[in-house]
1. Do you know which residues across segment 84-121 are buried (at least 19 other Cβ atoms within 10 Å of the Cβ), part of a loop (DSSP other than H, G, I, E, B) and either in contact with a helix residue (DSSP H, G or I) (Cβ under 6 Å, 6 or more places away or on another chain) or modelled with pLDDT under 85 (or both)?
2. Looking at the structure I just gave you, is N147 in contact with a Cys (Cβ under 6 Å, 6 or more places away or on another chain) and crowded, with 22+ Cβ neighbours inside 10 Å?
3. How many of the residues in segment 37-56 are assigned to a helix (DSSP H, G or I) and crowded, with 16+ Cβ neighbours inside 10 Å?
4. Restricting attention to segment 121-144, report how many residues are out of contact with any Asp or Glu (no Cβ under 7 Å at 6 or more places or on another chain) and touching a residue at least 40 places away in the same chain (Cβ under 8 Å).
5. Of these, I39, I33, which one is among the aliphatic types (A, V, I, L, M), touching a residue at least 24 places away in the same chain (Cβ under 8 Å), in contact with a helix residue (DSSP H, G or I) (Cβ under 7 Å, 6 or more places away or on another chain) and within 17 Å of I164 (Cβ to Cβ)?
6. Sort out which residues of segment 85-126 are farther than 14 Å from M149 by Cα and among the hydroxyl-bearing types (S, T, Y), and write them in order of number.
Amino acid sequence: MCLLTFMPNNVNLDYDRALVSAKANPDGFGFAIHAGIAIIKDHDMDFEKLWLRWSDLRATYKGPAMFHFRIATHGYVDINNCHPFDVGDNPKSVLGHNGILPLTMPINEKRSDTKLFAEIVLPHIGGVKALDDNDTFKEVGDWASGNKMVILSVDEDTKHDWYIVNENLGHWDAGVW
């Protein structure tokens, strides 16, 4: 199963711990940083190359952030399936995921379950804004039972800069979830 990390404002990810995560989850890497008016995101199949770009950007942008280490369960092992993904066609919100979502995957589908959720399912229920409703947030968490999601948003229509679905299934350590 993938590893998804979340860092609130001014918290960074430790390189040594990230390297261990990358070795255990080698099927692609990605990050997103909340930069106030935009989400900065990047992906790579090479952890070390991505880490250099992360380090440079994280030195400047201290907002909430996520870093994802993929181990493939659905979809191709390629950069197109590296988290995080835009939610629908909106680059103002991105989603990363850990687990296997209860989606029926089409035969020969190239996209991962998370990419399908970000592109189709979440936009269909109202996008990230829908998560501002406590009942909808709980329903998504219940539906995704056993899964964890992090969403970053700079969309002016959302109430929060970040959301963690099923936060209780993860844990906080040294300020990182």
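The values are calculated or read from the model by the stated rules, or taken from the named source; none is laboratory data. As the structure is a computational prediction, the values presented were derived from the model and not from experiment. Methodologically, a virtual Cβ is constructed for each residue, glycine included, from the backbone with ideal geometry; neighbour enumeration extends over all protein chains shown.
1. The answer is G99, L101, R111, S112.
2. Values: in contact with a Cys (Cβ under 6 Å, 6 or more places away or on another chain): no; crowded, with 22+ Cβ neighbours inside 10 Å: yes.
Here the answer is no, as N147 does not meet what is asked.
3. Step one: filter segment 37-56 for residues assigned to a helix (DSSP H, G or I), giving 47-56.
Subsequent filtering for residues that are crowded, with 16+ Cβ neighbours inside 10 Å retains 47, 50-51, 54.
Number satisfying all stated conditions: 4.
4. 3
5. The unique qualifying residue is I33.
6. Within segment 85-126, T104, S112 meet the criteria.
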